[in-house]
Amino acid sequence: MYRYIIEDEHHVLPFNEPASSLTIGTQPLKLHQEELFSSVVKRPELKELFKGARERKSELKGVFQDGRELPKVEGQAVVYRDNLWFDIEFLSYFLVVAHRTGRACRAAFAASDRAFSTYVVPLSRGFEKAYDAHGNPIYLLDLWYFPNGYTPDIVPIVIPSDAHEIGFYRVPDYMTLSAVDASTNIKDLTHYAPMRAVISIESWVHIYFATVIFGNFARSGRLDRQIETSFFANLNLLWHALLEQKQLLQASGAVKIGKGCAIDPSAIITGPAEIGDNCSIGAGVMIDNCTIGDNVTIDAGCVLFQSTVANNVFLPFRAALYLTAVMENVIVAQNTCLQMCVIGRNSFVGAGNTFTDFNLVAQKPIKAANRDGELEEIRQIVLGSGIGHNCRIGSGMVIMPGRMIESDVVLIASSQRRVVERSVSFEESDHHHVRGGEAHKRLYPRKDEKVERNEWEDAW
């Protein structure tokens, strides 16, 4: 089966990079897509689809600039936009159903689907609105299947998320009532963990949703569902717990640990969790339903909850991550608290910083910037901040909810700037005004911004 990719060159704020280059989970989106198509060939339910074509597997056939080039598609093929993040369950479901129809198909989701309407639709511009055969509103995704080359007669395949509700059910009302439409009568701070997930990466908020909600929460939801429906899943968890003399969710049935890891006996790791190779986890560390990449150092007293840490990250003592996504080569210093944030690669967050996530006065859903930089409500009562690549944030600062700090920015705490009340652009970086600031180079200019050649060469 052939693959065709539609490139999306739009830069995602505040990183100043296309979505395909950004780390979702523990690897760049483009690599995630490559691995999915390599592994989907092995799925038992797709045996018939790949019969007689395994030698080609998912060969890359072409790269398009936009959807108008679809008529160039040849043979049995899948076409997708490269800013589209999806998991293997979503891709497998789509390919199975599409293959059975024997017709050209396009992936879609129902507008009424709770998980997709909550996390995928806000801040997005990459969907077409349509209606299914029963007149119900749906959203069309840039993901197609063609059994034998392009044909304009394309059938939408509506893919359900089958979301599993996971939430915080005993929280004060002021944290929840304004987060939803009053007509829904929902009074709990809940999330919807999908069994099949897809999202168009157009904002840093989408990275948070893809990594934390569609990643860690979804993994937890799948485990919950397995426990509810499968006797063998329960038996497997119980067997590992008895063998290792641990609680069910702390044994290897729920916690996967890579090679060469050094973990202090006093550390508490609760699954479902995944820890990569060559990691060091110190005394008193608490990790709950997290994904940890390779070569990560987590020092004594750190607390990580429902968070994802990419490769080569260093967390000194007592750093705290709460529903946060950290890209590779980041340092989060001691006594810093990140709540519902996304941190870009090669950034440093100094000691004693606090990233807040709740509007104290207004107590209403937080707004965040869409792909055009315009503020929109995202139906979330709590949300942290987005930090770009190659940022340097000094100690003792407070960052207000929903703010962005652009790539290559340096922030130094002072009497003039101790609380970050609005988003910070590169032009407002403190390195422009301090002695020796010229040593900090700009590595991630905006898409249409020209950088002097000698500065660019020095940076690399």
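In terms of the ratio Rg/(2.2 N^0.38 Å) built on C-alpha atoms, what value belongs to the chain?
1.00
Every Cα-Cα pair of region 1-52 was included, and the share exceeding 17 Å stands at 50 percent.
In region 250-459, Cα pairs under 8 Å separated by at least six residues give a relative contact order of 10 percent.
May I ask you to list the aspartates and glutamates whose Cα is less than 19 Å away from that of Lys364, ignoring any residue fewer than eight positions away on the same chain? Straight-line reach from Lys364, under 19 Å: Asp173, Asp181, Asp188, Glu374, Glu376, Glu377, Glu421. Here region 250-459 is treated as a sphere whose radius is the Kirkwood value from Cα pairs; by Stokes-Einstein at 4 °C and 1.567 mPa s it diffuses with a coefficient of 72 µm²/s. Extending 7 Å from Cα along the Cβ direction at Lys441 and again at Ser415 yields two label points whose distance is 3.7 nm.
Computed log10 I(q)/I(0) for region 237-295 at 0.21 Å⁻¹: -0.77, from the Debye equation with unit scatterers placed on every C-alpha and solvent omitted.
Dimensions of region 65-174 based on its C-alpha atoms, expressed as ranges along the principal axes with the largest first, amount to 57, 29, 29 Å. Helical runs (DSSP H, four residues minimum) scored at -39500 (n - 2.57) apiece and divided by the length of the chain put the mean residue ellipticity at 222 nm at -4500 deg cm²/dmol. Considering only alpha-carbon pairs that sit under 8 angstrom and 6 or more positions apart, the relative contact order computed for the chain is 12 percent.
Read the figures in this text as sums done on the coordinates, not as results from a lab. This is a predicted model, so every value here is computed, not measured. Positions of Cβ are generated from backbone atoms using ideal geometry, with glycine treated the same way; all protein chains shown enter the neighbour counts.
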